[in-house]
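Encoded as structure tokens, the structure appears first; notes follow it.
The values are calculated or read from the model by the stated rules, or taken from the named source; none is laboratory data. The structure displayed is predicted, hence computed values, not measured ones. Note that we place each Cβ from the backbone using ideal geometry, even for glycine, and neighbour counts take in every protein chain shown. Ligands, DNA and RNA are stripped out before the accessible areas are found, and what is left, the full protein with its side chains, is counted by its heavy atoms. Shrake-Rupley method; radii C 1.70, N 1.55, O 1.52, S 1.80 Å.
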Amino acid sequence: MADPSSGETLAALLAFADGEGLKVLPRGGGTHQGMGFPPAGGDIALSLAALNTIIEHAPHDQTVTVQSGLPIADLQAHLAQTGQWLALDPPLRPGATVGGLIATAVAGPRRLRYGGVRDQILGVQVALADGTIARGGGKVVKNVAGYDLPKLFTGALGTLGVVLSASFRLYPLPADSRTLVCDAMAPEPLCEAVQTISASTLTPTAIDILGPVDSGQSCRLAVRFQSRVERSVTEQTATLRTLLGALANDAHELHGPEEPDFWHDLDTQEATGMSDEDDWLDLRATLLPGELAGWLAALQTVVAAHALALKWRAHAGHGTVRARLAGKAESLLAAVGALRQAAEDARGALVIEDYAPALAGKLDPWGTPAALDLMRRVKAQFDPRTTLNPGRYVGGI
Amino acid sequence: MTDTTASPAVAHTPTIPAITPRIVAELRAMLGDDGVITEMAELRTYESDGLASYRATPGVVVLPTSTEQVRDVVRLCAREGIPFVPRGSGTGLSGGALPTPGCVLIALSRMRQILAVDLPNQRVIVQPGVINLHVTQRVAPAGYYSAPDPSSQQVCSIGGNIAENSGGAHCLKYGFTVNHVLGMRVVLANGEVADLGGFAVDLPGYDLPGIFVGSEGTLGIATEIILRIVRKPEAVVTALAAFPHTDAAGQAVSDIIAGGVLPAAIEIMDRLSIAAAEAAVHAGYPESAGAVLLVELDGVQPEVAEQSAQVEAFCRAAGATEWRLARTDEERALMWKGRKSAFAAAGRISPNYIVQDGVIPRTALSAVLREIEALGARYGLRVANVFHAGDGNLHPLVLYDERDEGAFERAEALAGEILRTCVASGGSITGEHGVGMDKRGYMPVMFSEADMATHQLLRCALDPERLANPEKVYPTPRLCGETPGVYRPHPLETAGIAERF
Ligand SMILES: Cc1cc2nc3c(=O)[nH]c(=O)nc-3n(C[C@H](O)[C@H](O)[C@H](O)COP(=O)(O)OP(=O)(O)OC[C@H]3O[C@@H](n4cnc5c(N)ncnc54)[C@H](O)[C@@H]3O)c2cc1C
């Protein structure tokens, strides 16, 4: 375990390891170490915990530059003092760092309104395996000088280099929030409602569907409106009720402190999971929004066929579903195969974000991207001796 | 045969194999006679892009109509070791589509089909030659539009937008081209066809579409592009505020943003550019004003109504002498026309001009504008300013008359000083026009050798022979194919390593 306190020390350590053929596993808060294949070797666990400062926050420029070991929660707390936030809301895992967020690029419900990590990251400073320290992008919100290194490192799971620091654009915190919640017996009518909302001029910040919310197949739609203008939020909620028609009959509205609590609970529950007996896995399907209903139907069928337990949450507006499946190992593996096929047939993809240790080595967390061969070529240039996170990424990169 | 004027950096001039009659015959067999141009007079049409001060003649121009034809041409280039340069509509302002002398210029202007429109999923698939505005026109009847809106949108191509990661007035709120591209089919420099990204968001693997967008034609040619389209907002308010000086306009912008309002667009024009726009298109801007601020708010009705009142209050507090709302679509279009014609309009007040594209942190606006004014005075040249104020993207127009001895050189030097000022303030040499040929000499102002060598690992991964638009973006090429060091396993204790540091 190494815990360097400066980027230069970290880079020197990498260069040393690279020269000696030692494998390095970088880690932020350690909350996503289960992502990907098990590493094919690991001599040094490289902690970024000591690189945890806010380098520059320019509130009036709405930008921030931070070291990558900074916990996300600390950053958000700091930004909130000036009424701003980094508009990314991944599932909450205590200790999760900015670097981990960049490496995994996990997105939450409000990706719908703000985009993902790739859309908000402005610049990076990285250390390559050979010890080179390099910058890409910048710290202003608009910049097209040079290849987009920040995007390359976003979602790369630390396989191309170690992000030392990064710059992001920021948004003002919304002053008013309101969420309309309504239930249905099955996902289909709710997915249809989502299509209606997407085709309307409403501007929700999140549209989630949750299931199952009881012992049967019932699901819940939660549509969130947020603005600095209160009337925008109240009027949109009213318009939504009209749009939803009969579905909205039993709908209820959340506002005041219970509103953020509702979403906070969802974000934390998701991360803590639901079953301690059996094996389990957490998957993420990304789909075209219009294919959601079809894929969710496949999910129900597959889960029933393999006698698995299921809990899922869809960020329906941008076509992302997160689900935890639990049951027997071989049933889980079969289910993943079928569900990945269904996602790919619908022009989407399926990734396993985390899984029980017993499944390690038995499943492919990533699937095979069409451009896998190009990705290998990129890896071969940035980390030719496969020093960083060997074997964890797509295709065993 | 060729003349490349005033390159700011040492040109990288490898010997380029000649385009022989045999190669031309092969190209004709692939593309048909009307797909291959060899006549010198016709080649001249392609000798520059929107940056007319750089010129070079291609060896041959080809006009493919399909991915397969692009692939075949590129394969031939790879086999013969001939560099190729992609070209869309040729409106680029950084010399990105400037031919490498003697190259095969691949013009995508015959690939103009919108291949698919999927409204429920808000996606369209287009060929690269499709004109930016045509995408919006196609989906507008259903209430959608394509967000990136460069001022050149009536003529520039989606392929060019991809290559430059083009922006536009509305990218403050809606993002740049890269935020709207999900996937693409590309022909790589070795003639391989690859699919990057796809239809859904957050697909597994490296963000190759994110890398390809903005790579200025140096990593290959995009031949099919999957774009996101967005729903037209319920309400739009466009307003114009006049100020005595750009400082006051800049203050209004800061106050608006600090007040938590995110306008769809927020643009400033200074006295000179107002005069130019008036002379060119009679947009009805108050000619006595020292600066005009153009603000557009969009979204749901109650939000837009309240925020436009807030914006008006901010403007008045900052010293606005006039506040005008567009009451009709015609009025809105006219307000925008003045802004969108700003570059061409500079021709009304000066025989020649250089458009710059530097970016600064928004808060540095007044300081940098003053610095630009001082620099202009020192060089004895006028500088008109138009800018995307919300994101700090300046377009200083350096005005000069090429008939004056040394004026072009002085204008270039001044433009360079302006870029250095932008970088020194914490910004960038280019916000949306790209580096191309024009600004590659300034890359070292922003990036170290190590930075640029690292960036170019991408080139080594995708185009190690440097055939795709080889001269652009980086001043000095990185040599590819340095073989990685020998693998030396070492059974060192992990804990032991950690102690060393
Ligand atoms: C009056 C005027 C106003 C402008 N306003 C704006 C503005 O507001 N915002 C803005 O961002 N830009 C603006 N521009 C710049 C320019 O219009 C954009 O950069 C545009 O995207 C270029 O498109 P094009 O089709 O003309 O590309 P070209 O100029 O033909 O090519 C540009 C680059 O793209 C490459 N390329 C072209 N097609 C492909 C392809 N299919 N695959 C790979 N590479 C390719 C070329 O090699 C070159 O490097 C303006 C230009 C003018 C003249």
### Task
Let me know the mean shielding of B:357-369 by other chains, meaning the per-residue number of their Cβ atoms within 10 Å of its Cβ.
3
### Task
Would you kindly state how much longer the chain becomes between A:Ile54 and A:Ala12 on full extension, computed as 0.36 nm times their sequence separation minus their alpha carbon distance, in nm to one decimal?
12.9 nm
### Task
Would you kindly calculate the mean projected area, averaged across all directions, of the convex hull enclosing the Cα atoms of region A:115-163, in square nanometres?
3.3
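Rank these by accessible area, largest first, 1.4 Å probe: B:Leu272, A:Leu48, B:Leu334.
Descending order: B:Leu334, B:Leu272, A:Leu48.
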### Query
What nm value, rounded to one decimal, do you get for the distance between B:Ala41 and B:Arg112 when each label is placed 7 Å out toward the C-beta?
2.3
### Message
Going by amide H atoms built from the backbone, whose H comes under 5 Å of the H on A:Tyr355, apart from near neighbours?
### Response
A:Asp282
### Query
Per residue of A:225-233, how many C-beta atoms from partner chains lie within 10 Å of its own C-beta, taken as a mean?
5
### Message
With +1 assigned to the C-beta of every Lys and Arg and -1 to the C-beta of every Asp and Glu, and no other charges, what is the dipole magnitude of chain B about the Cα centre in debye, to the nearest 20?
### Response
360
### Query
If you take the square roots of the eigenvalues of the alpha-carbon gyration tensor of region A:50-121 and sort them as a ≥ b ≥ c, do you get rounded (a/c under 1.5), prolate (a/b over b/c) or oblate?
oblate
### region B:312-431 shape via C-alpha gyration tensor axes, a/c threshold 1.5
oblate
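Determine the dipole magnitude for chain A: charges of +1 sit on the beta-carbon of Lys and Arg, -1 on that of Asp and Glu, nothing else is charged, the reference point is the Cα centre, and the result goes in debye to the nearest 20.
The dipole magnitude comes to about 1000 debye.
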### Message
Just to check, using Stokes-Einstein with a Kirkwood Rh over alpha carbon pairs, what's the diffusion coefficient of region B:233-336 at 37 °C and 0.692 mPa s in µm²/s?
### Response
242
### Query
For region A:141-203, what is the Kirkwood hydrodynamic radius in Å, using each pair of distinct C-alpha atoms?
16.8
### Interface residues, region B:225-260 - accessible area loss of 40 Å² or more versus chain alone, probe 1.4 Å
B:Arg231, B:Gly260
#### Entry: Solvent-accessible surface (1.4 angstrom probe) belonging to A:Trp366, in square angstrom, nearest 10
20
### Query
Using modelled amide H (1.01 Å from N, peptide plane; none on Pro or chain starts), what sits under 5 Å from the amide H of B:Leu115, excluding residues fewer than 5 places away?
B:Ile125, B:Val126, B:Gln127
### Query
Could you give the nm distance between label points at A:Glu258 and A:Asp214, where each point is 7 Å from its Cα heading toward the beta carbon?
1.9
### Task
Any chance you could give the angle, 0 to 90 degrees and rounded to 10, that helix A:329-345 forms with the longest Cα principal axis of chain A?
80
### Sequence of A:Arg178, B:Arg271 from largest to smallest accessible area, 1.4 Å probe
B:Arg271, A:Arg178
#### Entry: Label point at B:Ser366 placed 7 Å out along Cα→Cβ; residues across region B:222-266 whose backbone nitrogen lies under 17 Å
B:243-259
### Message
Which one, B:Thr100, B:Val60, B:Gly35, is farthest towards the positive end of the dipole of region B:21-107 when Lys and Arg carry +1 and Asp and Glu -1 on their Cβ?
### Response
B:Thr100
### Message
Let me spell out the model: positive unit charges on the Cβ of Lys and Arg, negative unit charges on the Cβ of Asp and Glu, origin at the Cα centre of the protein assembly as shown. What dipole size does that give, in debye rounded to 20?
### Response
940
### Query
In vacuo Debye scattering of the protein assembly as shown, one point per C-alpha: log10 I(q)/I(0) at q = 0.04, 0.05, 0.08, 0.09 Å⁻¹?
-0.17, -0.27, -0.73, -0.94
### Message
Output the 0 to 90 degree angle, nearest 10, between the alpha-carbon long axis of helix A:372-382 and the longest principal axis computed from the alpha carbons of chain A.
### Response
40
### Query
Karplus couplings for region B:130-135 from phi (6.51 cos²θ - 1.76 cosθ + 1.60, θ = phi - 60°), rounded to Hz, Gly and Pro as x?
4, 6, 2, 5, 5, 5
### Message
Rounding to the nearest 10 and keeping the result within 0 to 90°, find how far the Cα-based axis of helix B:407-424 lies from the longest principal axis of chain B.
### Response
80
### Query
Is the shape of chain A best called rounded, prolate or oblate, per the rule: a/c under 1.5 gives rounded, else a/b larger than b/c gives prolate, else oblate, with a ≥ b ≥ c the square roots of the Cα gyration tensor eigenvalues?
oblate
### Message
On the principal axes of its Cα set, how long, how wide and how thick is region A:209-346? Give whole Å, largest value first.
### Response
52, 32, 26
### Query
For region B:235-424, what are the per-bin percents of Cα-Cα distances with bins 10 Å wide, up to the bin holding the maximum?
10, 37, 35, 14, 3, 0
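Mean residue ellipticity at 222 nm from the helices of the protein assembly as shown, using -39,500 (n - 2.57) per DSSP H segment of n ≥ 4 over the full residue count, to the nearest 500 deg cm²/dmol? If you can, show how the numbers build up before the last one.
Values: 30 runs with 299 residues, N = 898.
The helix-only estimate for the protein assembly as shown comes to -10000 deg cm²/dmol at 222 nm.
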#### Entry: Per the protein assembly as shown, cysteines lacking a partner by the 4.7 Å Cβ criterion
A:Cys182, A:Cys191, A:Cys219, B:Cys77, B:Cys103, B:Cys156, B:Cys171, B:Cys315, B:Cys422
### Summary
Along region B:140-154, Karplus-curve 3J(HN,Hα) (6.51, -1.76, 1.60; θ = phi - 60°) to the nearest Hz, with x for Gly and Pro, reads 4, x, 8, x, 10, 8, 9, 5, x, 10, x, 4, 8, 4, 6
### Message
Residues of region A:21-62 losing 30 Å² or more of accessible surface, assembly versus chain alone, probe 1.4 Å, please list them.
### Response
A:Gly21, A:Leu22, A:Asp43, A:His60, A:Asp61, A:Gln62
### Computed accessible area, A:Phe37, all protein chains, 1.4 angstrom probe, square angstrom
50
#### Entry: Loop-resident sites, region B:60-147, for trypsin sites (Lys or Arg not before Pro), counting at most 10 other Cβ within 10 Å (DSSP)
none
#### Entry: Difference of contour (0.36 nm per residue) and Cα-Cα distance, B:Arg378 to B:Lys232
47.9 nm
### Task
Over the whole of A:348-360, what's the average partner chain Cβ count within 10 Å per residue? Rounded to a whole number, please.
1
### Summary
In terms of the charge dipole of region A:176-270, which places +1 on Lys and Arg and -1 on Asp and Glu at the beta carbon, the residue among A:Thr234, A:Pro189, A:Gly211 farthest towards the positive end is A:Thr234
## Note on the structure
Expected vector for region B:32-44, Karplus 3J(HN,Hα) from phi with 6.51, -1.76, 1.60 and θ = phi - 60°, integer Hz, x for Gly and Pro, equals x, 4, 6, x, 9, 10, 10, 4, 3, 4, 6, 4, 4
### Query
Across the Cα atoms of chain B, what radius of gyration and what greatest pairwise Cα-Cα distance (Dmax) are found, in Å?
23.9, 77
### Task
State the Cα centre-to-centre distance between region B:396-424 and region B:236-311 in whole Å.
27
### Query
Assuming a viscosity of 0.890 mPa s and a temperature of 25 °C, what translational diffusion coefficient in µm² per second does Stokes-Einstein assign to region A:1-92, Rh being the Kirkwood radius over Cα pairs?
163
### Query
For region A:278-348, what D do you get in µm² per second when you plug the Kirkwood radius from alpha-carbon pairs into Stokes-Einstein at 25 °C and 0.890 mPa s?
207
### Message
Once each part is reduced to its C-alpha centroid, what is the distance from region B:140-168 to region B:32-106 in angstrom?
### Response
22
